[in-house]
Amino acid sequence: MTYSNQKGSGALVRENIESVEERIRSACRRAGRDRSEVSLICVTKTKPEEMLREAYEAGQRDFGENKVQEICRKKPNLPDDIRWHMIGHLQRNKVRQLIGRAVMIHSVDSLRLAETISEEALKAGIVIPVLIEVNMADEESKFGVSPNEAPTLVKDASALSGIKIEGLMTIAPYTEDPESNRPYFAGLRELAVDIGQKCIDNVSMSVLSMGMTGDFEVAIEEGATHIRVGTGIFGERIYS
């Protein structure tokens, strides 16, 4: 399957979204799930604001960014009802800028980061939904705690009153064969079930953020509630 990477064509963005939507619906049917159980996050990193507006006009409201400064730059210029998700590695010194701008932080990978988010959230008088990032494939190039470390991080972070742990996130390896990532997605789902059975206060394992352009159908079949799709909607990344 090919995707357009031309800028400025709302029709092409809309067509790509329709194609992604059909793939989502097909994966849900195969898994016996309802389409409403899966949220599509449009990954907008490196994309110009006009492309985000095209996706918005096509009905999309959940946008994901890898960098805090991208959310800070784009948010004031786009509709207020966009839900911004922080999906990239988050440095503690950037947390303050993110507070009040993101509806969910998908990439909490340490207790120190969770503590910083909680502290800044409490200063702002809010509670921020977060996900614990798990490095299911044990890739050195990826952030995230190991599956064995995840339950301890969840338990320790659950005591922080400025955050609410909603579930888990993983970034599976890049692969030409989506099926090769099925064990990682299934493993994250099983890990969430195990943690959920502990009935920890301030912890809900209702969110599984997993699956990207090349493998989101497999992720949906394995229980993904949030998929992160960029290339499949906007084309290849644009770097200045």
Condition test on Ile195, is it within 21 Å of Phe63 (Cα to Cα), in contact (Cβ under 8 Å) with a residue 12 or more places away in the chain, crowded, with 18+ Cβ neighbours inside 10 Å and not charged (D, E, K, R)?
no
Report yes if some residue within region 93-111 is of a type in the set (Gly, Ala, Ser), in contact with a Leu (Cβ under 9 Å, 6 or more places away or on another chain) and assigned to a loop (DSSP other than H, G, I, E, B); otherwise report no.
yes
Taking region 26-71 and keeping only residues that are exposed (fewer than 15 other Cβ atoms within 10 Å of the Cβ), outside any loop (DSSP other than H, G, I, E, B), within 20 Å of the chain's Cα centre (by Cα) and not hydroxyl-bearing (Ser, Thr, Tyr), one is left with Arg35, Glu37, Glu49, Gln69
Restricting to region 190-234, what's the tally of residues that are hydroxyl-bearing (Ser, Thr, Tyr), over 15 Å from Arg25 (Cα atoms) and either in contact with a helix residue (DSSP H, G or I) (Cβ under 6 Å, 6 or more places away or on another chain) or assigned to a helix (DSSP H, G or I) (or both)?
1
Top-ranked residue of region 83-98 - restricted to ones that are surrounded by 19 or more Cβ atoms within 10 Å (Cβ to Cβ) and over 23 Å from Met136 (Cβ atoms), ranked as nearest to the chain's Cα centre (by Cα)
Trp84
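Do you know which of the residues in region 151-189 that are in a helix (DSSP H, G or I) and of a type in the set (A, V, I, L, M) is nearest to the chain's Cα centre (by Cα)? Show your work before the answer.
First, pick out the residues of region 151-189 that are in a helix (DSSP H, G or I): 151-157, 178-189.
Checking the rest, the ones that are also of a type in the set (A, V, I, L, M) come to 153-154, 157, 186, 188.
Values: Leu153: 19, Val154: 18, Ala157: 19, Ala186: 17, Leu188: 14 Å.
Filtering first and then ranking leaves Leu188.
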Within region 161-182, the count of residues that are surrounded by 15 or more Cβ atoms within 10 Å (Cβ to Cβ) and on the phi < 0 side of the Ramachandran plot comes to 13
Examine region 107-120 for a residue that is surrounded by 14 or more Cβ atoms within 10 Å (Cβ to Cβ), under 30 Å from Asp201 (Cβ atoms) and in contact with a His (Cβ under 9 Å, 6 or more places away or on another chain), and state whether such a residue exists.
yes
Do you know which residues across region 140-160 are of a type in the set (Gly, Ala, Ser), loosely packed, with under 15 Cβ neighbours inside 10 Å and under 20 Å from Glu190 (Cα atoms)?
Ser146
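Values in this text are rule-based calculations from the coordinates and carry no lab data. This structure is a prediction, so every number in the text was calculated from the model and none was measured. Note: ideal-geometry Cβ built from the backbone for every residue, glycine included; neighbour counts use all protein chains shown.
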